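A short worksheet on the structure shown next.
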Amino acid sequence: ATERTLSIIKPDAVAKNAIGEIIARFEKAGLKVVAAKMLHLSDEQAGGFYAEHKERPFFKDLVGFMTSGPVVVQVLEGDDAIAKNRDLMGATNPKEAAPGTIRADFAETIDANAVHGSDSPASAEREVAYFFSADEIHSR
Ligand code: CMP
């Protein structure tokens, strides 16, 4: 079924000048960018986005990293978009990511892991709405 998912190109990948290469992978896999913007997240924005991880030991470092530079947030649309994006990204820890995945090719550490993608339909709905209003999404 056609789905939408939220993708974030994280500060490490933006700093590496890899925005275009990463978006090209989404497009080549049949995902369409239907919304996009560059943001430099505040502590409140990053902490709210990752609220489910609030009690985890890595939460402070995660917020610190996600606010360390600009990110590119996008809504990707396509058949099976949530799982497709997760396949393209590879495992959260780049050391465990399959060859040819975005994290294997662009990420160094579990903190600086190049990209985020929604992990379920429920989180995709919340995450898309966290960054985009309906009139900013250009379904096509
Ligand atoms: P992301 O998919 O953006 O969701 C939460 C992020 O926390 C994750 O990617 C990692 O970059 C980061 N993180 C740091 N340590 C861990 C950990 N032990 N387990 C899961 N995520 C972690």
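The values are calculated or read from the model by the stated rules, or taken from the named source; none is laboratory data. This is a predicted model, so every value here is computed, not measured. Every residue, glycine among them, receives a Cβ derived from its backbone with ideal geometry; neighbour counts consider all protein chains shown.
Some notes on this structure:
- Scan of segment 121-140 for residues that are of a type in the set (A, V, I, L, M) and without any contact (Cβ under 8 Å) to a residue 24 or more places away in the chain, ordered by number: Ala122, Ala129, Ala134
- Note on segment 1-29: residues that are over 11 Å from the mean Cα position of the chain (by Cα) and part of a strand (DSSP E or B) total 3.
- Search result, residues across segment 72-84 that are surrounded by 14 or more Cβ atoms within 10 Å (Cβ to Cβ) and either within 11 Å of the ligand (Cβ to nearest atom) or not in a helix (DSSP H, G or I) (or both): Val72, Val73, Gln74, Val75, Leu76, Glu77, Gly78, Asp80
- Residues in segment 42-58 that are more than 8 Å from the ligand (Cβ to nearest atom), over 16 Å from Ile9 (Cα atoms) and of a type in the set (A, V, I, L, M, F, W, C): Ala51 only.
- Filter result for Glu136 (exposed (fewer than 15 other Cβ atoms within 10 Å of the Cβ), more than 10 Å from the ligand (Cβ to nearest atom), under 18 Å from Phe58 (Cα atoms) and of a type outside the set (Phe, Trp, Tyr)): no
- So Glu55, is it at pLDDT 95 or above and part of a loop (DSSP other than H, G, I, E, B): yes
- Hey, Lys10 away from the ligand (no atom under 13 Å from the Cβ), under 22 Å from Asp87 (Cβ atoms) and in contact (Cβ under 8 Å) with a residue 60 or more places away in the chain or not: no
- Restricting segment 85-113 to residues that are of a type in the set (D, E, K, R) and farther than 13 Å from Ala29 by Cβ, the residue that is farthest from the ligand (Cβ to nearest atom) is Asp105.
- Among the residues listed as Gly64, Gly47, Gly69, the single one being free of Cβ contacts under 8 Å to residues at least 60 places away in the same chain, in a loop (DSSP other than H, G, I, E, B), surrounded by fewer than 19 Cβ atoms within 10 Å (Cβ to Cβ) and touching a helix residue (DSSP H, G or I) at 6+ places or on another chain (Cβ under 9 Å): Gly69
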